[in-house]
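For reference, the structure is listed below as C-alpha cells.
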Amino acid sequence: AQKITQTQPGMFVQEKEAVTLDCTYDTSDQSYGLFWYKQPSSGEMIFLIYQGSYDEQNATEGRYSLNFQKARKSANLVISASQLGDSAMYFCAMREGTNAGGTSYGKLTFGQGTILTVHP
Amino acid sequence: DVKVTQSSRYLVKRTGEKVFLECVQDMDHENMFWYRQDPGLGLRLIYFSYDVKMKEKGDIPEGYSVSREKKERFSLILESASTNQTSMYLCASSLFAGGLGNEQFFGPGTRLTVL
C-alpha cells in the first residue's frame, strides 16, 4: 500500500489565486512528521513546510500553509496568492517515528508528486 | 549557506559500465541518502547511511551499492549499469539528532542515461 498518495498529477491555477495540493498518508505510528518540498524545473528540491503529528496548529510559512486533518490522514498544502514562480513539481513526504532496530534514521517516504502550473 | 553537491549534473554511460555518483555535504550531517526519481513514481530511496561506514538498504537497493568512508561523502555505485537505471539521482543529507522535524537537504541531482 502507498504510504503517501498525491492524487493530482497536474494542477492549474491563475496567478494571485489560492491553490490546494492534496496529500493523504498511511501510517500506524502515533509519532510522525509530514513535509512538503518544491522542485522547480532546474531540479533542486526545496523544503517548504513541516507538520508534526502532535502539532495542534496547522503549520504556516509565508504563503504556504498545511491543512492537517489527522483523523482523515491528510496533509494538504495550500499556496495563497500564487505567483508564476510557484510553477513546479510539489512532493509530499512523511517521516515515521518508528525506530525499532535503529532503522528509521530520518528516512522520508515521498508521494508521486503534483505538477503545478500557474497561469498569468 | 548549507550545501549538498553532486559530482555531475548529466552523465551518459554504456550498459555494463561501472558508474560512480559522488555526493558531498558541508553541514556535518550524520545521515545521507540516495534516491532515484522517475516520472509518476516520485522519489524512491535506494540506500542511506547514518554514520561513516554504516549503510542501510532502502526500498530499491537492487543493482546498487554505496560507500561512506568519510562523514561528508556518500557514493552511489552502479556495479554494472543497465538501461533501466536511466533516471535522475538525488542525494540528500540531514541531522541525526533533533527529532522528526529535521529536513533533508538535497543536491542538484544527476541525470544518468545508460545506453
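The values are calculated or read from the model by the stated rules, or taken from the named source; none is laboratory data. Worth saying up front: this structure is predicted, and the values here are computed from it rather than measured. Reconstructed Cβ throughout: ideal geometry from the backbone, glycine too, with neighbour counts over all protein chains shown. Just so you know, the surface numbers come from the protein's heavy atoms only, side chains and all, with ligands and any DNA or RNA stripped out. Shrake-Rupley method; radii C 1.70, N 1.55, O 1.52, S 1.80 Å.
Here are some notes:
- Region A:16-49, residues that are assigned to a strand (DSSP E or B) and touching a Pro at 6+ places or on another chain (Cβ under 9 Å): A:Ile46
- Looking across A:Phe68, A:Phe91, one residue alone is closer than 23 Å to B:Pro108 by Cβ, within 11 Å of the chain's Cα centre (by Cα) and in a strand (DSSP E or B). It is A:Phe91.
- Test for A:Ala88: is it open to solvent by less than 70 Å² (accessible area, probe 1.4 Å), out of contact with any helix residue (DSSP H, G or I) (no Cβ under 9 Å at 6 or more places or on another chain) and more than 30 Å from B:Met54 (Cα to Cα): yes
- Selection within region B:21-47 - over 8 Å from the mean Cα position of the chain (by Cα) and either within 9 Å of chain A (Cβ to nearest Cβ) or on the phi > 0 side of the Ramachandran plot (or both): B:Asp28, B:Glu30, B:Asn31, B:Gln37, B:Pro39, B:Gly40, B:Leu41, B:Gly42, B:Leu43, B:Arg44, B:Leu45
- Pairs are defined by a Cβ separation below 9 Å, a sequence spacing of at least 6 or placement on different chains, a first member in region B:1-26 that is basic (Lys, Arg), and a second member that is in a loop (DSSP other than H, G, I, E, B) and surrounded by 15 or more Cβ atoms within 10 Å (Cβ to Cβ); the pairs so defined are B:Lys3/B:Gly107; B:Arg9/A:Gly43; B:Arg9/B:Pro108; B:Arg9/B:Gly109; B:Lys13/B:Ala81; B:Arg14/B:Ala81; B:Lys18/B:Ala81.
- Residue within region B:4-20 that is in a loop (DSSP other than H, G, I, E, B), under 20 Å from B:Gln104 (Cα atoms), of a type in the set (D, E, K, R) and open to solvent by 40 Å² or more (accessible area, probe 1.4 Å) present: yes
- Evaluated against (1) more than 30 Å from B:Asn31 (Cα to Cα); (2) in a strand (DSSP E or B); (3) open to solvent by 40 Å² or more (accessible area, probe 1.4 Å); (4) not hydroxyl-bearing (Ser, Thr, Tyr), A:Val13 falls short on exactly one condition, (3).
- Residue that is modelled with the highest pLDDT, among those in region B:25-45 that are closer than 20 Å to B:Leu112 by Cβ and open to solvent by 40 Å² or more (accessible area, probe 1.4 Å): B:Arg44
- Per this entry, B:Phe48 is not counted among residues that are of a type outside the set (D, E, K, R), more than 21 Å from A:Gln112 (Cβ to Cβ) and buried (at least 19 other Cβ atoms within 10 Å of the Cβ).
- Of all residues in region A:26-67, those satisfying the criterion of being open to solvent by 70 Å² or more (accessible area, probe 1.4 Å), of a type outside the set (Gly, Ala, Ser) and more than 12 Å from chain B (Cβ to nearest Cβ) are A:Asp26, A:Glu56, A:Gln57, A:Asn58, A:Thr60.
- Failed item, numbered, when A:Ser74 is tested on (1) open to solvent by less than 40 Å² (accessible area, probe 1.4 Å); (2) within 14 Å of chain B (Cβ to nearest Cβ); (3) modelled with pLDDT of 95 or more: (2)
- A:Ser82, sole failed condition from (1) more than 14 Å from chain B (Cβ to nearest Cβ); (2) in a loop (DSSP other than H, G, I, E, B); (3) open to solvent by 10 Å² or more (accessible area, probe 1.4 Å): (3)
- Residue within region A:101-111 that is free of Cβ contacts under 8 Å to residues at least 24 places away in the same chain, open to solvent by 40 Å² or more (accessible area, probe 1.4 Å) and touching a Lys or Arg at 6+ places or on another chain (Cβ under 9 Å) present: yes
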